[in-house]
Amino acid sequence: MKGVLQRLVIVLILFVAATSQAQQRAKGFPDYMWPGHAIHNVSMVMVHDVVSPPVAARYYSYCMLGAYNIVTAHNKNFPQLNKLIKSYSPTHGIDTVKAAYDYRIASYYSILETARLMLPSGFLIKDDEDAFIMLVKKTGIKQEIIDNSIKVGQQAAVDAVNFSKGDRYGKLSALKRYTPLQGEGYWYPTPPGYFEAVEPNWRTIRTMVLDTATQCKPAPLTPFSKDTASVFYKQVKEVYQASKKLTDEQINQALFWDCNPFAITTSGHMSIGYKKISPGGHWMHITALVSKQARLSFDETIALLNVEGLTLMDSFIACWEEKFATNRIRPETFINRYMDVKWQPVLQTPPFPEYTSGHSVVSAASAEVLTYMLGDNFKYEDDTEIPFGSGKRSFTSFRQAALEAGMSRFYGGIHYIESIETGSTQGKNVAGVIIARMKEAGIKPCIK
């Protein structure tokens, strides 16, 4: 247990190091209850498991459902979950629990417990649960209250897991195996790993807020062509030429937003793998970060993380539907075949089709939802990538961050401008549907 506590202390230091003393406690709840710590613990296990971006978004989304349910049972200012997710039907009634408990402890615990039940290496979360309860005990809270809170948190987690079982994720392995399409303009596995396509049937997963995976379908992409005078060829050439004159700042942006769960580097006959946080994980950490900066209450923080989780889930479903509907060839493949056989992008090309840019879709959607909740021109310093090997960057708004995240993929040499710009529009459209549902349900901005 001593080692576990030391690990938790390290996690706390990483998250609060760049935060002023005035920000370390928000609206009356102790820092050890800050939900950002729980999200970080969940992320670390996902990094360990090398969870793919769309699957990671699914885990984040479900991990927040139980926590949000507990909050709504105690704070009627937030709508019930079925007002946001029409397909949601609880299997337990949190508000019927009569025994005395601390709903904040229960809510925090529910995040960890849901991850423990769902993640491949979820057993690792048990140490984090024990460490959290050890900190709670040191505050003098009665053991009966703690035990009841754990019970409620477990109950909420089971409810979230039960709901997850109906989203068709468990049926993916039984679907037809994906084989790259034959043809010059289609996606093909890229070096150095030549990995199989990631989640080609993700479009079949049940959406949270969107009606269907195609509800926010983007504009048709430019036709493939090897003609040097064609629009498509010019897009490829734009990527190629830009890679030859990147500035240090552009390279820094590409590396900061890389968020590749598993990248390979080679040295002679040796291959070395690097694990990182997913794009959705980055935005979940940003959401937690700014909730503290905005001094949101515990309830507001849980609500904000919940809607961000829903946003990630639906953004990836919408994006992946288009990726495997179009099967667009990656810049690396086209350039190596038809322009420069030795060319390599700054970033390692992810193992799935090009159109639309996942970073652009997810970032634009997240930025719009966060802007609705916290306002435009929200300045913050993003230091959430430090534990995963990157530095920190400052932004004047969420939209500025989303724009940079999208363009980072162009600088990285893995997306055409068309995919980035259209992906941004697609992400904004996804956010538009989610924000409309939030307004309909009665979720108001945290900062007016």
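The values are calculated or read from the model by the stated rules, or taken from the named source; none is laboratory data. Treat the numbers as computed from the prediction; the structure is a model and nothing was measured. Cβ placement follows ideal geometry from the backbone for every residue including glycine, while neighbour counts extend to all protein chains displayed. Surface areas here come from the heavy atoms of the whole protein model, side chains and all, with no ligands, DNA or RNA. Shrake-Rupley method; radii C 1.70, N 1.55, O 1.52, S 1.80 Å.
Looking at V362, V346, can you tell me which residue is open to solvent by less than 10 Å² (accessible area, probe 1.4 Å) and of a type outside the set (K, R)?
Details: V346 fails: open to solvent by less than 10 Å² (accessible area, probe 1.4 Å).
Every option except V362 fails the conditions.
Give me the pairs, please: first residue somewhere in the stretch 119-142 and of a type in the set (S, T, Y), second residue anywhere and loosely packed, with under 14 Cβ neighbours inside 10 Å and part of a helix (DSSP H, G or I), beta-carbon distance under 8 Å, and either six or more positions apart or on two chains.
S121/H48
Looking at the stretch 295-322, I want the residues that are in contact (Cβ under 8 Å) with a residue 12 or more places away in the chain and of a type in the set (K, R) and have a partner that is in a loop (DSSP other than H, G, I, E, B) and open to solvent by 10 Å² or more (accessible area, probe 1.4 Å) with Cβ atoms under 9 Å, at least 6 apart or on another chain. Which pairs are those?
If the second residue must be in a loop (DSSP other than H, G, I, E, B) and open to solvent by 10 Å² or more (accessible area, probe 1.4 Å), the pairs left are R295/R25; R295/K27.
Inspect all residues belonging to the stretch 145-155 and state whether any of them is part of a helix (DSSP H, G or I) and under 14 Å from M64 (Cβ atoms). Give the derivation first.
Step one: list which residues in the stretch 145-155 are part of a helix (DSSP H, G or I), which gives 145-155.
Now drop any that are not under 14 Å from M64 (Cβ atoms), which leaves 153.
Within the stretch 145-155 (the criterion being part of a helix (DSSP H, G or I) and under 14 Å from M64 (Cβ atoms)), the answer is yes, since at least one residue qualifies.
Being surrounded by fewer than 24 Cβ atoms within 10 Å (Cβ to Cβ), among the aliphatic types (A, V, I, L, M) and within 22 Å of G185 (Cα to Cα) is the filter here, so list the residues in the stretch 371-419 that pass it. Step through it out loud before you land on a result.
We begin by selecting, within the stretch 371-419, every residue surrounded by fewer than 24 Cβ atoms within 10 Å (Cβ to Cβ); these are 371-372, 374-383, 385-397, 399-400, 403-404, 407, 413, 417-418.
Imposing the further condition that a residue be among the aliphatic types (A, V, I, L, M) reduces the set to 374, 386, 403, 407, 417.
Within the stretch 371-419, I417 is the sole residue that qualifies.
Go through the stretch 114-127 residue by residue and tally those that are in a helix (DSSP H, G or I), open to solvent by 10 Å² or more (accessible area, probe 1.4 Å) and either out of contact with any helix residue (DSSP H, G or I) (no Cβ under 6 Å at 6 or more places or on another chain) or closer than 19 Å to V161 by Cα (or both).
Going through the stretch 114-127, the residues in a helix (DSSP H, G or I) turn out to be 114-118, 122-127.
When the remaining residues are screened for being open to solvent by 10 Å² or more (accessible area, probe 1.4 Å), the result is 116-118, 123-124, 126-127.
Then drop every residue that is not either out of contact with any helix residue (DSSP H, G or I) (no Cβ under 6 Å at 6 or more places or on another chain) or closer than 19 Å to V161 by Cα (or both), which leaves 116-118, 123-124, 126.
So the answer is 6.
For (1) farther than 28 Å from A431 by Cα; (2) open to solvent by less than 20 Å² (accessible area, probe 1.4 Å); (3) not in a loop (DSSP other than H, G, I, E, B), each residue gets a yes or a no:
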| site | (1), (2), (3) |
| --- | --- |
| F195 | yes, no, no |
| E199 | no, no, no |
| L210 | no, yes, no |
| A213 | no, yes, no |
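From the set of residues in the stretch 266-304 that are aromatic (F, W, Y) and at pLDDT 85 or above, which is nearest to P79 (Cα to Cα)? Don't jump to the end; show me each part of the working.
Initially, the stretch 266-304 is screened for residues aromatic (F, W, Y), giving 274, 283, 298.
Imposing the further condition that a residue be at pLDDT 85 or above reduces the set to 283, 298.
On the way: W283: 23, F298: 16 Å.
Per the criteria, the residue is F298.
Pairs only if they're at least six apart or on different chains, beta carbon under 8 angstrom, first in the stretch 41-56 and surrounded by fewer than 21 Cβ atoms within 10 Å (Cβ to Cβ), second of a type in the set (F, W, Y); list them, first residue then second.
V47/F388; V50/F262
Suppose the filter is over 25 Å from H285 (Cβ atoms), touching a helix residue (DSSP H, G or I) at 6+ places or on another chain (Cβ under 9 Å) and in contact (Cβ under 8 Å) with a residue 12 or more places away in the chain; does Y233 pass it?
Numbers: over 25 Å from H285 (Cβ atoms): yes; touching a helix residue (DSSP H, G or I) at 6+ places or on another chain (Cβ under 9 Å): yes; in contact (Cβ under 8 Å) with a residue 12 or more places away in the chain: no.
No, not satisfied.
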